[in-house]
1. Return yes or no: is residue 338 assigned to a strand (DSSP E or B) and touching a helix residue (DSSP H, G or I) at 6+ places or on another chain (Cβ under 7 Å)?
2. Please state which of the following conditions residue 53 fails to meet, knowing it meets all the rest: (1) at pLDDT 80 or above; (2) out of contact with any helix residue (DSSP H, G or I) (no Cβ under 7 Å at 6 or more places or on another chain); (3) buried (at least 17 other Cβ atoms within 10 Å of the Cβ).
3. Search the stretch 130-155 for residues that are without any contact (Cβ under 8 Å) to a residue 60 or more places away in the chain and assigned by TED's automatic domain parsing to the domain that holds residue 260 and pair each with any residue that is assigned to a helix (DSSP H, G or I) and surrounded by fewer than 20 Cβ atoms within 10 Å (Cβ to Cβ) when their beta-carbon atoms are under 6 Å apart and the residues are at least 6 apart or on different chains.
4. Within the bounds of the stretch 241-258, is there any residue that is at pLDDT below 90, assigned to a loop (DSSP other than H, G, I, E, B) and surrounded by 13 or more Cβ atoms within 10 Å (Cβ to Cβ)?
5. Residues in the stretch 13-46 that are part of a loop (DSSP other than H, G, I, E, B), surrounded by 13 or more Cβ atoms within 10 Å (Cβ to Cβ) and out of contact with any strand residue (DSSP E or B) (no Cβ under 9 Å at 6 or more places or on another chain): how many?
6. Scan the stretch 119-142 for residues that are out of contact with any helix residue (DSSP H, G or I) (no Cβ under 7 Å at 6 or more places or on another chain), under 16 Å from residue 92 (Cα atoms) and part of a loop (DSSP other than H, G, I, E, B) and report the count.
7. Kindly evaluate residue 376 against the criterion of being more than 19 Å from residue 185 (Cα to Cα) and buried (at least 17 other Cβ atoms within 10 Å of the Cβ).
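The values are calculated or read from the model by the stated rules, or taken from the named source; none is laboratory data. Because the structure is predicted, anything quoted here is derived from the model rather than measured. Because the Cβ atoms are built from the backbone with ideal geometry, glycine has one as well, and the counts that use them run over all protein chains shown.
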């Protein structure tokens with residue numbers, strides 16, 4: 001069985017010898033002092049016994065949705081017995097607890113479980129609650145599905161800021177209330193770059209080196225299997241409708257340029273030399289370079305104290321210096337504002353206030369009176385901020401972001 005690629009067979013976790021072999025690998029690296037493990041698609045490793053066919057829910061399609069048969073370790077199919085099965089087999093938690101007991105409990109490392117195909121905050125807490133003794137953190141995708149209609153990444157939809165805030169609030173408050181951890185992220189190697197996807201690539205501060213997304217790539221420039229399969233399916237569908245001509249694929253390429261994973265996998269841009277310093281001149285990189293490498297590269301950013309790289313280093317330093325940033329409870333501030341995302345972090349006597357204008361226009365921030373700003377101390381900002389104290393009414397510039405320390 002292979003869920004992702006015919007050259008990548010799934011491991012049979014129901015076989016105890018296979019599980020022991022996996023645990024041996026974890027134990028080997030744990031004994032070397034490894035600080036953490038990321039378990040890829042870990043909620044998909046326990047399949048429904050017998051590997052039954054998916055129920056036919058879309059008769060006009062060759063492939064049927066089988067997610068419920070291999071996600072989170074169980075499946076309950078409400079279909080007639082003669083056409084299928086009705087099984088509940090939550091072995092995933094048995095296996096995660098077993099791995100913790102046999103191997104992970106010997107070390108102090110952190111474990112992150114990537115969980116695609118749908119995991120609710122309630123299911124996630126079963127994986128990471130302290131008393132469960134399974135994993136440390138969950139890596140979920142709820143907020144990454146905001147810009148896809150019905151969870152389909154290839155069907156872009158217009159999303160609202162309040163939706164993003166709600167996802168952050170639900171997950172963070174639930175996980176903290178159930179003694180668990182949820183990973184906080186905006187992009188990674190499987191996600192398109194946030195500045196092109198959620199923001200504005202022309203904004204004053206771009207999200208990451210090498211952004212925005214490449215704009216002139218052809219389908220041949222993409223290596224990602226998912227992207228290639230999407231393009232191929234759309235091409236065949238349109239060609240079948242009218243075999244006499246080549247189909248117009250421009251709209252498909254627009255979506256790929258927005259959501260394709262290779263947009264976040266371009267070679268690292270170290271300097272403005274040929275190939276961006278990633279590999280020797282005259283060598284063809286495994287993936288095409290972002291066209292902006294001459295202007296956006298590590299060397300140029302290190303020389304600029306106002307660069308994105310410098311700003312991110314400041315943010316990382318700040319986070320390490322402020323435990324409230326990662327231990328504090330999440331408290332939303334004006335969660336229905338159409339353009340400003342604001343929240344408090346609170347822990348005992350410590351509080352921090354973060355607010356960001358997510359639009360290209362000026363926006364008015366109105367803080368509730370119960371938030372005491374008298375002794376607010378600015379920790380970081382992406383614009384120059386004057387010496388005047390923080391007001392309960394503040395006009396934010398396009399894409400302006402600030403973090404303050406507050407007294408409690």
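1. In short, no.
2. Failing condition for residue 53: (3).
3. Once the first residue is without any contact (Cβ under 8 Å) to a residue 60 or more places away in the chain and assigned by TED's automatic domain parsing to the domain that holds residue 260 and sits in the stretch 130-155, no partner that is assigned to a helix (DSSP H, G or I) and surrounded by fewer than 20 Cβ atoms within 10 Å (Cβ to Cβ) comes close enough.
4. No, every residue in the stretch 241-258 fails to be at pLDDT below 90, assigned to a loop (DSSP other than H, G, I, E, B) and surrounded by 13 or more Cβ atoms within 10 Å (Cβ to Cβ).
5. Looking only at that region, the number is 4.
6. Adding up the residues that qualify gives 2.
7. Values: more than 19 Å from residue 185 (Cα to Cα): yes; buried (at least 17 other Cβ atoms within 10 Å of the Cβ): yes.
Considered against the rule, which asks whether it is more than 19 Å from residue 185 (Cα to Cα) and buried (at least 17 other Cβ atoms within 10 Å of the Cβ), residue 376 comes out as yes.
Each row is one residue, and each column tells you yes or no for (1) more than 21 Å from the chain's Cα centre (by Cα); (2) free of Cβ contacts under 8 Å to residues at least 60 places away in the same chain.
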residue: 230; (1), (2): no, no
residue: 235; (1), (2): yes, yes
residue: 241; (1), (2): yes, yes
residue: 258; (1), (2): no, no
residue: 274; (1), (2): yes, yes
residue: 288; (1), (2): yes, no
residue: 291; (1), (2): yes, no
residue: 318; (1), (2): yes, no
residue: 327; (1), (2): no, yes
